[in-house]
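Accompanying notes for the structure given below.
The values are calculated or read from the model by the stated rules, or taken from the named source; none is laboratory data. Worth saying up front: this structure is predicted, and the values here are computed from it rather than measured. Every residue, glycine among them, receives a Cβ derived from its backbone with ideal geometry; neighbour counts consider all protein chains shown. Keep in mind that these areas ignore ligands, DNA and RNA; they rest on the heavy atoms of the full protein, side chains included. Shrake-Rupley method; radii C 1.70, N 1.55, O 1.52, S 1.80 Å.
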Amino acid sequence: MNDLRYKIVLTLVVSCAMLSWLQADPCGMVPPIYTGPSSITRTGLQKTYVFHKDGVESFVIRPGFQGKVDNFGMLIPFPNPPEIRKVADNVFDQVANAVDPPEVVVDLRVRRRMMRGGGVANAPMAVADKKLEFRQTVNVLKEEAVGMYEVAVLEAGSAEALKKWMDKNGYKYPAGMDKVTNDYVDDGWCFVAVKTKVGQKEGVDPKPGARNVKRELPDNSVFDGNVQGMGFRFKSEELVVPMRLSAFNDGDLRNVVYLLTDGPRKIRSIPEEYVVRQLSGTEVIENVTQPLPLRIIGGTEKDIPEFQRRGLPGLRNPVPKNGVAKDLFASDLLAVDSGDLSLRHEEEEKELLRIGEYFGLRGAEIDRENSDALSELRDETTKKGLDLLKGMTLTVVDGDFPREVIANNNLTFASYNMPAARNNQLNYDATRFAPGIRREGILKTGSIDWKAVDRQVASSQRGFRLGLFSLVGVGMIGMIGVFFYQRPKTVLLVVLVIGLFAGSAFAGETGSLQQNDDAALIAKLENSKSATEAIEGLRKAAMENETRRDKIIKDLLKVVKSDENIAKRGWAIAAMAEIGGQDVDEYLLNVHADEKQKKVVRTYAAAARVSMTRTVNGLIEKANLIPQFPALGRPIGMRIVEKMSADDADVEPEKVLSVSIKVPQLNAALAPMIMAFGADKLTDVMIHAEDQNVRRTAAGYLAAMAQQGEKDAVSQAVIESLKYEPGAMSVPWEGGPLFVPGLQWKKEDATQLVAGLVRWHLWSDINGKQDELRQIHNNIRSLALAKAAGYQSPGWREANVQAWLKAWGSVVGKEGVQKILNEQGVADNPKYAGVLNEL
């Protein structure tokens, strides 16, 4: 019943919204605009992946929190300094799919398909025996930027010293955990402090572009999505998970821990029944390499028609479902085998993340582009490491971990083989975090020999063989095409690289000392550590004269178009953007229009053009690129905020709302700034803006603010702005339509609001203001408002001023209505006084 009522109301709201656009007759109550989560809250299960073998440990977390960007941080202790990396945001979904691969279902009853739902080279480092000389000392071992985070690896002399350092440097130190922190200090552990990247910070944020792009967001800004996942790999003789500090988080402590170890394990001090699944390494390899299971309902494989067979290889491809888990497992095993805590593709991904942050690029779109750009390196790692998985065991632990157990001790582990009777998908489905369900039909695993199937169906044998021959032929042609397509690219790449070296040699022989210097600077664009200095040097050099500038730009463009190092190409684009100019803009336009280039390079080029744009109108024009490069939405929005703030220190909310309407793709990026204006300013826009669409949008944001915990501030601002003033010459919203944010009004607030609007309704009737009468009627007939204030709404029926006075009389009584009539001097007017006789 509630769902039906919601659908009816939603239909009416949508219909009313359409009418308001066509007839300029506003519907009044405006629903909230979604702007993201409002505060730091724990959401969902806390999931952790843990790997340990031969003195190397790795664990991955993706904190189950959402909230304001300036409120989030983490503090994690480690026995030894870790190497840090970003992990895919869907990593835990993929790990669960590696335990229980999702099924591909063919329902023959309705003829449709659907998807369900070796040793370490160096001996491990011993924990440092010596304590810090001074208890008030904090030693910064390393600082770096990793995606959306600023990360510092710290050695502290005490909890007090750690807290002081974190407070001074903008990190959040959780209250009440000094004792636990001091325990880790006494044991010689170090700490990783993590915070979201808001403003610039020396030594952490990449410096290039600091003059052009501010990373700062307004107060009350929200994350672009869930908190980014992080991976840590470090030396540790024994398997230990430092989860003690998590006991200080509010909320339940249900944890899901995935253990990849060289034998079956359980967690000490945690009930054994929390071990819900165990898989051998061989089983895991099969799950991540074999086709996804096929469930056939209403028949067998011989009944599957040809058109469905052709689509099954793509549907059963395991890579989209658990390929991330396969890469994760293989990378950790290769790190043990090679003795390198950080692998090449992991370091290169961090480099691409730094370039993305320089341009303000963040989110799923740019993450996918980074992944695609590094696919060859990552696949090489996976091939080398996957075979090492055979001697491992994957254990899943799921349950409410006792808070006192977590608070008092790190998680340690012991050997444990779970009972075979419990170790199955029916007992625990890893993708459901609950018992599995029995499904009808037959389940097929592994590859299917369709020839053998068709031999059972002689009538369709010829047709199937022809189809199979065609399918194989197309595949062979595709493989040959890919081969010959790739060879010219390889030859071209070699030619271009040779050309670069030849050009450099020629310049060395005939060019000037300045050209040699410029070439040396371009060579430093290999990574962020040297790129910062190199970009500044190239910018200054380009300012000396046009000839030198043109040569630098052409040399940078060669790097952008053909260098094998994608990071170098990204930093070369950054250097071009720093130099700037119309010619650079055109060169970069050609780069991002070139579909032969890697998508991430094209995105960098488009983002560089955004960073070079100096006007709000120019940035609005650049928003046309967002459909092609979705990751641009964030930097364009940030640049618009920056330009508006720079051009006008008191930037007007009306201007920002106008831009968000003009370029809908920027709504998400501009929402933090709009929300930061506060209830009073947005209410003023809702009442007085010249553009009715701006008024409507302001009302939507006010409703969103109320939904995110600021209902009292919004309610009072709206009530005050629409309060009736005796002797008024016009309504407060004169010059445009009346909108009211659709809140869950408290009774007291709803009564005050309607009391004012009923008075304005009477005033409008007395003064012959027909538009105002209709506008007020459209608002106070709201079912939610009527229910909160306690009167009967006429719904979609028309109601004149007498009907509304009578309806309001059911709330304030005859005396209340008499007071309203007296205020406006119409107590003796029969047209209105007659209502009193009916109360």
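Filtering region 652-683 to residues that are part of a helix (DSSP H, G or I) and open to solvent by 50 Å² or more (accessible area, probe 1.4 Å) leaves Glu654, Lys655, Ile661, Lys662, Pro664, Gln665, Asn667, Ala668, Asp680, Lys681. Here the helices (runs of 4 or more DSSP H) wholly within region 735-807 that include at least 2 residues being open to solvent by 20 Å² or more (accessible area, probe 1.4 Å) and of a type in the set (Val, Ile, Thr) are 747-766.
Run down Leu217, Leu260 and say which single residue is modelled with pLDDT of 95 or more and not in a helix (DSSP H, G or I). Talk me through it step by step, then tell me what you get.
Numbers: Leu217 fails: modelled with pLDDT of 95 or more.
Just a single option satisfies the conditions, and that option is Leu260.
Pro419: more than 30 Å from Pro630 (Cα to Cα) and within 33 Å of the chain's Cα centre (by Cα), yes or no? It would help to see each step written out before you state the result.
Working: more than 30 Å from Pro630 (Cα to Cα): yes; within 33 Å of the chain's Cα centre (by Cα): no.
So Pro419 does not fit the description; no.
Quickly run through region 163-183 and pick out the residues that are part of a helix (DSSP H, G or I) and under 23 Å from Arg85 (Cα atoms). Within region 163-183, just Met166 meets the criteria. The condition of being farther than 30 Å from Glu376 by Cβ and either at pLDDT 95 or above or not in a helix (DSSP H, G or I) (or both) holds for only one of Glu544, Glu564, Glu509, that being Glu544.
Kindly check whether there is at least one residue in region 134-155 that is at pLDDT below 50, open to solvent by 60 Å² or more (accessible area, probe 1.4 Å) and over 31 Å from the mean Cα position of the chain (by Cα).
Within region 134-155, one or more residues are at pLDDT below 50, open to solvent by 60 Å² or more (accessible area, probe 1.4 Å) and over 31 Å from the mean Cα position of the chain (by Cα).
Identify the residue in region 604-631 that is among the β-branched types (Val, Ile, Thr) and not in a helix (DSSP H, G or I) and, among all such residues, is most open to solvent (accessible area, probe 1.4 Å).
The first filter runs over region 604-631 and keeps only residues among the β-branched types (Val, Ile, Thr), leaving 610, 613, 615-616, 620, 626.
Pick out the ones that are also not in a helix (DSSP H, G or I) and you get 613, 615, 626.
Details: Thr613: 14, Thr615: 75, Ile626: 13 Å².
Step by step, filter region 604-631, then rank; the result is Thr615.
Considering Met686, Met729, the condition of being more than 21 Å from Pro664 (Cβ to Cβ) and either open to solvent by 30 Å² or more (accessible area, probe 1.4 Å) or at pLDDT 95 or above (or both) is satisfied by Met729 alone.
Within region 78-94, count every residue that is outside any strand (DSSP E or B), of a type outside the set (Asp, Glu) and within 22 Å of Lys350 (Cα to Cα). Outline the logic, then answer.
Taking region 78-94 and keeping what is outside any strand (DSSP E or B), we get 79-82, 87-94.
Subsequent filtering for residues that are of a type outside the set (Asp, Glu) retains 79-82, 87-88, 90-92, 94.
Keeping just the survivors that are within 22 Å of Lys350 (Cα to Cα) gives 80-82, 87-88, 90-92, 94.
Total meeting the criteria: 9.
Conditions (1) hydroxyl-bearing (Ser, Thr, Tyr); (2) modelled with pLDDT of 95 or more; (3) not in a loop (DSSP other than H, G, I, E, B), marked per residue:
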| site | (1), (2), (3) |
| --- | --- |
| Asn370 | no, no, yes |
| Arg378 | no, no, yes |
| Thr381 | yes, no, yes |
| Lys390 | no, no, yes |
| Ala407 | no, no, yes |
| Asn423 | no, yes, no |
| Ile437 | no, no, no |
| Glu440 | no, no, no |
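Taking first residues from region 253-271 that are within 12 Å of Ile406 (Cα to Cα) and of a type in the set (S, T, N, Q) and partners that are open to solvent by less than 10 Å² (accessible area, probe 1.4 Å) and not in a strand (DSSP E or B), the Cβ contacts under 6 Å between residues at least 6 apart in sequence or on separate chains come to Asn255/Phe401. Quick test of your reading of the structure: Ile304 fulfils all but one of (1) out of contact with any helix residue (DSSP H, G or I) (no Cβ under 9 Å at 6 or more places or on another chain); (2) at pLDDT below 95. Name the failing condition by number. Only one criterion is unmet by Ile304, namely (1).
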